[in-house]
Amino acid sequence: MPTKIVYGNESLKDLDKYINGRKTLLVTSEGFVKRGLVDKIKSITSNIVEVISDIKSHPEFTDLKKVYNFIKNIDYELILAIGGGSVLDASKFFSVQNQEKDYQFVEDIIKGKREKKDYILTPIISIPTTAGTGSEITPWATIWDMEEKKKYSLHLSELFNEVALYDATLTLSVPKNITIQTGLDTLSHALESIWNKNANPITIGYAIKSAKLIIENLVKLSNNLDNLEYRNNIMKACMYAGLAFSNTQTAVAHAMSYYITANKGIPHGIACSFTLPMLIDKVIGKYDFIDNALFDIFGELSSNKLRDIYQVLNISTKFSDYNIDKEEIESLELSLQNNQRAGNSLVSM
């Protein structure tokens, strides 16, 4: 994992050192323009040559194409991504080019219509403003085609960010619903890297650290959103989970979530996590290393503690509450066939 990790409150002030004089394209979302963060960045560094601020949640090919064709005429050497997972993923998309800076080249790579070669990557510095996605320390990005109702992955081995800068003060403005959703996304990353055929003692160690921080802090944070200690603990959990699943990938809960988000519009953090208690129940007793990890996290071999947390957070674990009936569960199961994430899983639906 070659990304340089910078961690600490107010670490944003050191940003110019990592930009190191390079002409920089700033990619963010409109909210950070309104909240003054873009102006703050410009006061820290004089190297910003253009600001792209119209990145939407769940980046889609149609929206990214417009931006891609705009920025190809800009002279920049570095991408600075500041925002949640959608901004970080979009920045990875923009990073990939060929000599002609042809948008179709990138889409074809993602959709498997072209070999993964002859590309040029622009280095990225990512500053996450939510604690959930882990995109800042993984080599892939999620891109959506809502016309196809399908999620695609951009995955290149060199797509790791150059720098991931964690500053928990930037998460203080995140509202309660997004705080919960992103925290549960982190928990899914951690647990799915444990019941995973690619797991090893190092990744499991990071995953346990991550999950324990979520279990101990997410409810507290949801009731006290201005508490920087809780914010820091959840951001550390996100980072630890990223260090785990950047090596293992995710598993069946995420595989199911893509169908659920595309067809039911359920936010990703909920779609990938409401099934976790069910999956815990299914995997207990099957592998000693998974049982040991789950006991370390929950203090028992049971999903009860997590179910109690979900009840406090008002998160349902029932498919029916997400408008998914028995017939659609069959379609969901079909969507898992030949799905790489589902294939990583040591527990099935």
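Other residues within the sphere of radius under 14 Å centred on the Cβ of LYS305, judged by their own Cβ, net out at -3 (K and R +1, D and E -1).
For region 233-280, the Cα-based Rg and Dmax, in that order, read 11.8, 33 Å. Against the chain, whose longest principal axis is taken from its Cα atoms, helix 228-248 shows a tilt of about 90°. Centre-to-centre separation between the Cα atoms of region 250-276 and those of region 301-349: 8 Å. Applying a threshold of 28 Å to the alpha-carbon distances of LYS23/LYS236; LYS17/LYS197; LYS34/LYS150; LYS117/LYS151; LYS13/LYS212; LYS34/LYS101 flags LYS23/LYS236; LYS17/LYS197; LYS34/LYS150; LYS13/LYS212; LYS34/LYS101 as lying beyond it. Here LYS209 is the anchor, and the aspartates and glutamates within straight C-alpha reach of less than 17 Å, apart from those fewer than 8 places off in the same chain, are ASP185, GLU192, GLU229, ASP291, ASP296, GLU300. Per residue, the average separation of C-alpha pairs within less than 8 Å and at least 6 apart gives the chain a relative contact order of 16 percent.
Mean residue ellipticity, 222 nm, helices only, the chain: the sum of -39500 (n - 2.57) across DSSP H runs of n ≥ 4, divided by residue count and rounded to 500, is -14500 deg cm²/dmol. Excluding TYR152 itself, calculate the net charge of residues whose Cβ lies under 15 Å from the Cβ of TYR152, where each Lys or Arg counts +1 and each Asp or Glu counts -1. After counting each charged neighbour, the total is +2.
FRET efficiency for the LYS149 to LYS326 pair, using the beta carbon distance and R₀ = 30 Å, is estimated at 0.90. Computed from phi, the 3J(HN,Hα) profile of region 213-219 under the Karplus parametrisation 6.51, -1.76, 1.60 (θ = phi - 60°) reads 5, 5, 4, 7, 10, 5, 5 Hz, with x in place of Gly and Pro. Computing FRET efficiency as 1/(1 + (r/R0)^6) for GLU115 and ASN69, where r is the C-beta to C-beta distance and R0 is 22 Å, gives about 0.45. Bridges between two residues of the chain, per DSSP, are antiparallel at a rate of about 35%. Work through the residues other than SER135 whose Cβ is under 9 Å from its Cβ and net out their charges, Lys, Arg +1 and Asp, Glu -1. Cβ neighbours under 9 Å give a net charge of -1. With all pairs of separate Cα atoms included, region 47-128 yields a Kirkwood hydrodynamic radius of 13.1 Å. In the chain, the portion of solvent-accessible area held by carbon and sulfur atoms comes to 46 percent [1.4 Å probe, whole percent, DNA, RNA and ligands not counted]. The listed residues ASP308, ASP118, once ranked by accessible area (1.4 Å probe) with the largest placed first, stand as ASP118, ASP308.
Compute the acute angle (0 to 90°) between the alpha-carbon long axis of helix 61-71 and the principal axis of greatest extent of the alpha-carbon atoms of the chain; round to the nearest 10°. Long axis of 61-71 versus the principal axis of the chain: about 30 degrees. Can you tell me the relative contact order of region 132-265? Whole percent, Cα pairs under 8 Å, sequence separation 6 or more. It rounds to 33 percent for region 132-265. Taking all protein chains into account, the per residue accessible area for the chain stands at 42 Å² (1.4 Å probe).
Take the Cα of ASN98, step 7 Å toward its Cβ, do the same at LYS40, and the gap between the two points is 4.1 nm.
Beta bridges from DSSP with both residues in region 115-201: antiparallel share about 75 percent, rounded to the nearest 5.
For Cα extents along the principal axes in Å, the listed values are (1) 71, 48, 36; (2) 53, 49, 38; (3) 56, 45, 36; which was obtained by calculation from the structure presented? Correct label is (3). The coefficient of translational diffusion for region 153-264, derived via Stokes-Einstein from the alpha carbon Kirkwood radius under 25 °C and 0.890 mPa s, stands at 167 µm²/s.
The values are calculated or read from the model by the stated rules, or taken from the named source; none is laboratory data. Treat the numbers as computed from the prediction; the structure is a model and nothing was measured. Glycine also receives a Cβ, built like all others from the backbone with ideal geometry; neighbour counts cover every protein chain displayed. Each accessible area value is taken on the protein alone, full model and side chains, heavy atoms only, with ligands, DNA and RNA left out. Shrake-Rupley method; radii C 1.70, N 1.55, O 1.52, S 1.80 Å.
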